[in-house]
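Worksheet: one structure, shown below.
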Amino acid sequence: MAPILQIKELSHVYSAGTPFQHTALDGVSFSVERGEFIGIIGHTGSGKSTLMQHLNGLLKPTAGSIALDGVDIWANKKVTRQARFRVGLVFQYPEYQLFEETVYKDIAFGPKNMGLDHKEVDRRVREAAQFVGLTEAQLEVSPFDLSGGQKRRVAIAGVIAMEPEVLILDEPTAGLDPVGREEILENIQAYRRAKNATIMMVSHSMSDVARLTQRLLVMNGSKLAMDGTPEQVFARADELVEMGLDIPEITSVFLRLKQMGLPVEPVYTIEQAVAVLKALKEGKRHA
C-alpha cells in the first residue's frame with residue numbers, strides 16, 4: 001500500500017527576495033504510512049511548525065511537493081480543499097481560536113464547512129466530544145466558561161469531528177498540568193485506535209514521544225536530521241544534545257550508570273529501565 005503522505009525535497013523560504021529572507025525548510029523528504037504515530041522534535045526555529053503547516057496546504061512550498069494518497073495536494077483548488085479536511089491540524093494553544101456561542105457549535109464548524117447534512121454533523125460532534133471526554137451538558141455551554149484544559153479538548157474535538165485520516169498536533173499538552181496532559185494524550189490515542197488514523201505530534205516532551213510514538217523525525221536547522229524509531233534516535237543522545245535538545249530523563253540516568261561502569265545500555269522508557277534493572281538484579285543473584 002502506498003504511503004498516505006509523501007514529502008519530496010520540500011523547501012520553504014519566507015520573505016524571498018527581501019532583507020528578511022529566511023529558509024525555514026531545506027530539501028526535506030520523508031513518507032508517512034497509514035496508522036503510524038510519529039513524533040516531531042527539534043529546537044525552536046528548526047522548521048517543525050512550518051513543516052506541519054505544509055502537510056495540509058496551509059502553506060505552499062517554495063520547492064518540492066506533498067502528495068496525499070499519491071496526488072499532489074496543490075494539483076488544483078479542489079484537491080487542496082479536500083486535503084485540508086483529510087489532514088487535520090491542531091495548532092499550539094488551539095483554545096485561543098474558539099469563537100462560537102456554544103461548545104456544540106464550535107465543534108460543528110468544521111463538519112458544516114464540509115457540506116455535511118445535519119444528521120451527520122450531529123453524529124460527528126457527539127462522537128468527537130466523547131473522544132475528548134466532554135459531556136452532553138458541556139456541549140450546550142459557552143466554551144469561554146470552561147477551564148483551560150476543557151477548552152483544549154473542545155479545540156481538538158473540532159478537528160477530530162472532520163474525521164481526518166491524518167491528525168497533526170503542535171504541542172497538544174503545552175501548559176497543561178500532569179493530569180490534563182495524560183488525559184489529552186489518551187484522547188489522541190483513542191482517536192487513533194478507533195479510526196486507524198495517522199498521528200503526527202510535535203512535542204518538546206522527550207518522555208512523551210519516547211513512550212507513545214513509533215517513529216521520530218528530528219528537525220535541525222531547517223533540515224530533517226534524523227528519522228527512525230525512538231530507540232534509534234535516542235541512541236544518538238550526544239548528537240541530540242549538540243542540537244540543543246533534551247533526551248528522556250531515564251536515558252540520562254542510564255548514560256551516567258554506564259559511565260560509572262555498570263553493564264547497561266541506555267534506555268528511553270521507564271518500562272525498559274525496570275526490565276533492565278530486574279535482569280541486572282537477577283544476574284547478580286545467580287552469579
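Let me check against my output: what whole-number percent is the relative contact order of the range 23-84, with C-alpha pairs under 8 Å and at least 6 apart?
Details: 38 pairs, mean separation 15.7, N = 62.
Result for the range 23-84 is 25 percent.
5 Å is the cut-off here: which amide hydrogens, built 1.01 Å from N in the peptide plane, fall below it relative to Met226, excluding neighbours closer than 5 in sequence?
Counting only residues 5 or more places away or on other chains, the set is Val218.
Comparing Lys151, Lys223, Lys112, which has the greatest mean-square fluctuation in the GNM of the chain with Cα pairs linked when under 10 Å apart?
So, out of Lys151, Lys223, Lys112, the one fluctuating most is Lys112.
Give, rounded to the nearest 20 debye, the magnitude of the charge dipole that the range 160-217 has about its Cα centre when Lys and Arg contribute +1 at Cβ and Asp and Glu contribute -1 at Cβ.
Numbers: 6 positive and 9 negative charges, 58 e Å.
Dipole size: approximately 280 debye.
I'd like the Karplus ³J(HN,Hα) series for the range 243-252: coefficients 6.51, -1.76, 1.60, θ = phi - 60°, whole numbers in Hz, and an x wherever there's a Gly or Pro.
7, x, 9, 7, 10, x, 4, 5, 5, 4
Could you give P(r) for the range 1-48, binned at 5 Å from zero, as whole percent values over all Cα-Cα pairs?
With a bin width of 5 Å, the distribution comes to 5, 16, 19, 22, 17, 10, 6, 3, 1.
Once you have the alpha carbon radius of gyration of the range 92-238, what is it after dividing by 2.2 N^0.38 Å, with N set to its residue count? Don't skip to the answer; put the middle values down first.
Values: Rg = 16.5 Å, N = 147, 2.2 N^0.38 = 14.7 Å.
The range 92-238 yields a ratio of 1.13.
Given contacts defined as C-alpha pairs under 8 Å and at least six residues apart, what's the relative contact order of the chain, whole-number percent? Before the final figure, lay out each step's value.
On the way: 506 pairs, mean separation 59.8, N = 287.
Relative contact order, the chain: 21 percent.
Taking a 31 Å limit on the Cα-Cα distance, which of the listed pairs Lys8/Lys78; Lys8/Lys105; Lys60/Lys112; Lys8/Lys112; Lys105/Lys195 fall beyond it?
Working: Lys8/Lys78 21 Å; Lys8/Lys105 38 Å; Lys60/Lys112 25 Å; Lys8/Lys112 33 Å; Lys105/Lys195 23 Å.
Listed pairs above 31 Å: Lys8/Lys105; Lys8/Lys112.
If I take the Cα coordinates of the range 187-287 and project them onto the principal axes, what are the three extents in Å, biggest first?
Result, largest extent first: 49, 36, 17 Å.
Of Lys78, Lys105, Lys195, which has the largest mean-square fluctuation in a 10 Å C-alpha GNM of the chain?
Looking only at Lys78, Lys105, Lys195, the biggest GNM fluctuation is shown by Lys78.
Along the charge dipole of the chain, which of Val132, Ser207, Met1 sits closest to the positive end, that is, farthest toward it, with unit charges on the beta carbon of Lys, Arg, Asp and Glu (+1, +1, -1, -1)?
Positive-most Cα among the choices belongs to Met1.
Hey, if you put +1 on the Cβ of every Lys and Arg and -1 on every Asp and Glu Cβ in the range 1-88, which of Leu51, Asn76, Tyr14 ends up farthest toward the positive end of that dipole?
Of the options given, the answer is Asn76.
For the chain, set up a Gaussian network in which alpha carbons nearer than 10 Å are linked by springs, and say which option among Ile73, Ile107, Ile250 fluctuates the most.
It is Ile250.
Largest first, please: the extent of the C-alpha atoms of the chain along each principal axis, to the nearest Å.
Taking the Cα atoms of the chain, the three principal extents are 70, 52, 40 Å.
Each value in this text was obtained by applying a stated rule to the coordinates, not by laboratory testing. It should be emphasised that the depicted structure is a prediction, and the values quoted were computed from it without experimental measurement. Note: ideal-geometry Cβ built from the backbone for every residue, glycine included; neighbour counts use all protein chains shown.
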